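Read-outs throughout are calculated quantities, based only on the coordinates presented, and are distinct from any laboratory measurement. Note that the coordinates shown come from a computational prediction; the quantities given were computed from them, not determined experimentally. FYI the Cβ positions are ideal-geometry reconstructions off the backbone, even for glycines, and counts take in every protein chain you see.
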Amino acid sequence: MIRMTTVVLLSAGLVSCNSKNKQEREAETVPVDYLCLFQGTLPCGDCPGIETKVTFQADSTAAITRLYLDSDGTSETEYGTWTYQDSTFVVETTSNDSIPVKETLCFKVLPDEQIALMGEDQIVKAENVLLKKQPLTLKDFEGSYTQGGEEKGAYTQTMTISPSEDNQVEVTIAQSGGKGKGCTFTGIGHIVNNQIEIDLQEIQPELNAVMVIRQNNEGNGLNVFTSDFDQRYDLMYFCGGGGSLAGDYIKK
């Protein structure tokens, strides 16, 4: 409910910035220095804020990732396309919900490598400004991470992140120690807005979740979860004995 309410508030009236005709839009020069990642915390009527990451790609695609603070800790990415007019990136996305929600957002280009989410009043507000950030790369994720007991023979899950073809990322999770069947997983994903995303449906058609791997709050490892809290049980599919792929993995 929080997410849907906020999306409606952000979307209202934003289509008005898309007023120029096609010929006028094509005449504008896109600032290539702004084809990158922007990040900030936007206001939220029902929560402390929305940690927001926006990436504009050179192929006119865009990705918007939102993490609602003081909520279930999930971060969901919506993909779309952008056009550029009036010094503004106009982004159109469609959500992954069972009933897809179409959204149009306008981001005004500001000096000093900043953008601002524009509301219906078309006024630049400080609380809506996002700053340019250096995106994380494979080197920031690559390596081995463990979850579980440290004593000899204790059950441990080891997650290994390595490069794959076409600039993608391979993620494997294997068990050691303990008794009975644990967790075994191999998947290919991509890095977007400083997190790794793996579509589990590409591994098992009956699953619907997107696995999300991002740096944990302590900064000493990675957290594994789903982009939608209600789909968290999909991470148990690859495990036995009631186990799950979810949780914090500490860097070796």
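Under 18 Å from a label point set 7 Å out along the Cα-to-Cβ vector of I123, the amide N atoms of segment 32-58 belong to 43-45.
Computed over the chain with a Gaussian network model linking Cα atoms closer than 10 Å, the most mobile of I196, I161, I99 is I99.
Report, in degrees rounded to the nearest 10, the 0 to 90 angle that the Cα long axis of helix 2-11 makes with the longest principal axis of the chain. Here the helix axis deviates by roughly 30 degrees.
In plain terms, the chain from N208 to Q57 could stretch by 51.7 nm, reckoned as 0.36 nm per residue minus the Cα-Cα distance. From a point 7 Å beyond the Cα of D72 in the direction of its Cβ, which residues of segment 159-200 have a backbone N at a distance under 11 Å? Flagged as within label range: none. The label point for D140 and the one for C47, both projected 7 Å from the Cα toward the Cβ, are 2.1 nm apart. Springs join every pair of Cα atoms under 10 Å in this Gaussian network model of the chain, and among K139, K181, K152 the largest mean-square fluctuation is at K152. Its DSSP H runs of at least 4 residues, each contributing -39,500 (n - 2.57), put the calculated 222 nm mean residue ellipticity of the chain at -2000 deg cm²/dmol, to the nearest 500.
Restricted to Cα atoms, the chain shows a radius of gyration and a Dmax of 19.9, 69 angstrom. Straight-line reach from K179: taking Cα to Cα under 20 Å and skipping same-chain neighbours fewer than 8 places apart, the aspartates and glutamates in range are E150, E151.
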